[in-house]
Amino acid sequence: MNLKDLLREHSLRQEASRLLDALGLPLSRREMLRRCLFGAGGLLLLNGWGLRAAAPAAVARARSVIQIWLWGGPCHIDLFDPKPEAGRDYCGPLDAALETNVSGIRIGQLLPNLARHADKYALIRSLTHESNAHETASYIVQTGRNPGSRDVYPAAGAVVAYFKGGAQTGLLPPYIVLTEPQGRFSEAGFLGSKYKPFATGGDPARPRFEVEGIVAPGVSDERQRRRRELLHQLNTLGRSLPGDATLETFYASEEQAYELILGEAGKLFDLSREPDEVRDRYGRNTFGQSCLMARRLVEQGVPYITINYKGWDTHKQHFQVMNRKLPELDRGLSALLQDLADRGLLSQTIVWVSGEFGRTPRIQWDPPWNGGRNHFGRAFAALVAGGGFKGGQVVGATNRTGEEVVERPVHPAELLASIYTLLGIDPQARLPHPEGRATHVLPGPEEGVGPPRLLREIM
Amino acid sequence: MKPRLLRIGTAAAWFFVLTARAADPYTASEPAQPRGELDRLVFERLQELGLRPAPPCSDAVFLRRVYLDVIGTLPTAEEVRAFLEDRQPEKHAALIERLLAREEFADYWALKWGDLLRVKAEFPINFWPNAAQAYHRWIRTSLRGNKPYDRFVRELLTASGSNFRDPPVNFYRAVPGRTPDSIARAVALTFMGVRTDRWPSNRVAGLAACFAYVDFKPTGEWKEEIVFHNPASPRADRWVGPDRRAVLPDGTALRLTPEQDPRVAFADWLVRADNPWFTAAIVNRIWAWLLGRGLVHEPDDFRPDNPPVHPAVLQYLQHQLVRAGYDLKHVFRLILNSATYRQSCVPVAPLTRATAHFACYPVRRLEAEVLLDALNQVTGAADSYTSPIPEPFTVMPAGTRAITLPDGSITSPFLELFGRSARDTGLESERNLRSTAAQRLHLLNASQVLRKIEQSPLVEGVSRPDLHPPQVAETLYLTVLSRFPTGTEQQTVARYLQTAGSRREAAVDLVWALINTAEFVHRH
């Protein structure tokens, strides 16, 4: 057996590698790959997830985004754009608004904690698009484009993973979703499946956050090591076919997976390492603990985290659901903003809270809805904080009933352009296309339209 | 599914014979011999290039390979044993015939065509579930009956009628934007293997005129849509100039009259035997499907500066297709029965050049659907697949095989993770076969996979204390890797059975390990 063969035997690999180093011999292809993936120098070029970092376009003020996605469409007038004067047919039982710590800004009455943090965030009350269908609206809000063109564009998370995926996140994937993917559209679009988010699965509110693939229920570390050794012994194909590029990718992915399963990187998901008091502050529920988890990921430099917070599609029992969910949102989001601020991370972390649309301000009292709200793309609201967005601000306005945008209409592309710009990503930058077509992050002059306006007033 | 224990006995003697013959369990001992015209063309060219073909693969590898390549399905342990014990000299050809006649052949190739034709109920194609199901059924039925390829394409291109009742009309509904130029681009990509981005714009426009009268209208039925030839189509003016001419990609002009549907004239031109694109595109696709890469690669990127690596082979297959009356299974047979196809994955020639010129069989990862079906077959488990829109959700019955899924919107997290095609572009490369860390995490350690293994009849069967280690090894290898274990592997299994805490724990770990080998996850 020569030295190169030794390298392929996993148990001896590290020893052999040291030996090769000592002898000053050239490294094997596999070893080169390993170094590229895991070595300190390699991370600059290619992070562990095989994503190449594109050149940064401009000065970045923000490093990461936490996207809190209120899947289903939260009602703007119950959250960030209250209309207590509109009467019972619009407000139902939620007919009072709360003053915040910024004079002149009021928010929904079930958000008392957030009312004490208005200096940290801006509210955009004039978002608008033309779709009332979940998947189309999700696409518009997260890509900034209308569907129907030749291409399916990547969502913001995939775009950020593409441009910032080379950041020093070690082995952590650059785009993580807590806990389930959105599912109804391809987040990665034409960038392809490697830009899809890593979905954690599991439930961070459980005693053990069983991140799918990283923390296996009932398998001890010792047994993991024994299995790994067995797997290497049974790798007959790999030994018969050294140097095959397809297999090399497979083995490199495997090594990386084990760094998360057995190495330090995976411990990041162990929320029991947080003090009880901190966990309580966020709320001991899936959303609250997801916010805490997001903070831990931001600390590691993960550029894009989506908290896929479901349950906002309240056609029926709207107010019952709001009474349950809004306190959860209020507590988790407030704790997150305060914690990020206390740790000096808010200035470099964008927190973006919105759904795919709002809900009909006028309540449907008649059966079968019995006090429900329908989809409403014409006017809705978002909260943005940190990463260069100014706090204590309001952009745009809707009319007395929250049904029409009357001031500074904002298309989702404008919000996305602002987020990208703060991250140092040029909204007009080229995206790689599988057929080599000229495609850009957002619509602009090269597609024959004006570029989206930035939300300068809050940047 | 009940645990099925395998007959043990003759096999022990067998594996010594098998393993004694070659250094690895993948390669047979005899050298490569050309078996027909196709092989002569390939081997001649390899000789010119100074490349020696790889020796044939072992019978066990051939069996697993041809099952996966032809029907997207792993052989059962019984099928492996029966084939290896079969002494007939023509057993390989007979096996190929049996597989071409199996129902899974139609399932698997309808899946591939579903990618190319973008069969997906929801965003962004928005077929609607009824239409996606009808379209898939039409595609599957066509493949099952081996409909001549020229007829298959003609029906797709010239159909008119309801998306529910006349399924091939969905070809036009699956094109993004549904404009004449985007239809022209889709037609060129799908049936000519050409990416029109490299065409001058007037060539796209010339072809687009053939589709200028394709129009769409709703009916009284929910989500029904009629695709039809509309002489008064509002789109026509932009694409049909005052001289009312379409120009075909080879420069032929076509005079258009409003009464005649120009799609028919286009289809006539497209499927002509002397059309340089049509037959080349399809035989090249079949070659790529069976051998991992096209003679022209990517298989949907024909252009003058991307020539085929074996031009004579491409021509030969085109000629054969026409002579056989556009019988696609004839092309499958020619390739599957060749010595070229039967080469071992372990090359004699340097690896990179061998792979590029087909001097070995290239290793590649199983597709998402095939891998999940294989995993479920080995562990006796089932998955559920759903489409979350429109409400009420679509949920496929438990036990549905992933290769039979009719609609790209019906999916599961596993299928997404392992690079199932999003069916947005119609490009072959949209299906991603690259391994990622997230995939490895899932297969090594996800609760979904571990649960399947823990609860499998296979583990149950080999946990029996009265089984001897060689029997355990044999059962595991036949079931998971479709071959007998080598001597070294026998020893490894025996050792592990001794050292582990319990027989059951050892069985779980062994099944886990074999499922996680590169050999299981790849075709080879």
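Structure notes:
- Here A:P445, A:P451 are screened, and the one residue that is in contact with a Gly (Cβ under 8 Å, 6 or more places away or on another chain) and without any contact (Cβ under 8 Å) to a residue 60 or more places away in the chain is A:P451.
- Candidates B:L117, B:L99: the one that is in contact with a helix residue (DSSP H, G or I) (Cβ under 6 Å, 6 or more places away or on another chain) and either over 19 Å from B:R342 (Cβ atoms) or surrounded by 15 or more Cβ atoms within 10 Å (Cβ to Cβ) (or both) is B:L99.
- Candidate set: the stretch A:351-376, residues that are under 27 Å from A:G391 (Cβ atoms) and part of a loop (DSSP other than H, G, I, E, B); chosen: the one farthest from the chain's Cα centre (by Cα): A:P361
- When the stretch A:437-446 is limited to residues that are within 14 Å of chain B (Cβ to nearest Cβ) and out of contact with any Leu (no Cβ under 7 Å at 6 or more places or on another chain), the one that is surrounded by the fewest Cβ atoms within 10 Å (Cβ to Cβ) turns out to be A:A438.
- A:L268 at the interface with chain B (Cβ under 7 Å from one of its Cβ atoms) and either β-branched (V, I, T) or crowded, with 19+ Cβ neighbours inside 10 Å (or both): no
Okay, residues lined up against (1) free of Cβ contacts under 8 Å to residues at least 40 places away in the same chain; (2) more than 8 Å from chain B (Cβ to nearest Cβ):
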| site | (1), (2) |
| --- | --- |
| A:T179 | no, yes |
| A:L191 | no, yes |
| A:K194 | no, no |
| A:T200 | no, yes |
| A:F209 | no, yes |
| A:P217 | yes, no |
| A:E222 | yes, yes |
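- Residue ranges of helices (runs of 4 or more DSSP H) in the stretch B:268-379 with at least 3 members away from chain A (no Cβ under 14 Å) and aromatic (F, W, Y): B:278-291
- Helices (runs of 4 or more DSSP H) wholly inside the stretch B:438-479 containing at least 1 residues that are in contact with a Lys or Arg (Cβ under 7 Å, 6 or more places away or on another chain) and surrounded by fewer than 20 Cβ atoms within 10 Å (Cβ to Cβ): B:457-462
- Qualifying positions in the stretch B:484-522 - more than 8 Å from chain A (Cβ to nearest Cβ) and under 18 Å from A:T236 (Cβ atoms): B:F484, B:P485, B:G487, B:Q490, B:Q491, B:V493, B:A494, B:R495, B:V511, B:I515, B:F520
- Single condition B:S412 does not satisfy, out of (1) of a type outside the set (A, V, I, L, M); (2) within 30 Å of B:R178 (Cα to Cα); (3) touching a helix residue (DSSP H, G or I) at 6+ places or on another chain (Cβ under 7 Å): (3)
- Residue check, A:G238 within 30 Å of B:T517 (Cα to Cα), at the interface with chain B (Cβ under 7 Å from one of its Cβ atoms) and touching a residue at least 40 places away in the same chain (Cβ under 8 Å): yes
No value in this document is a laboratory result; all are computed from the given coordinates. Quick caveat: nothing in here was measured; it's all calculated off a predicted structure. Cβ coordinates were reconstructed from backbone atoms using ideal geometry, including for glycine residues, and neighbour counts include every protein chain displayed.
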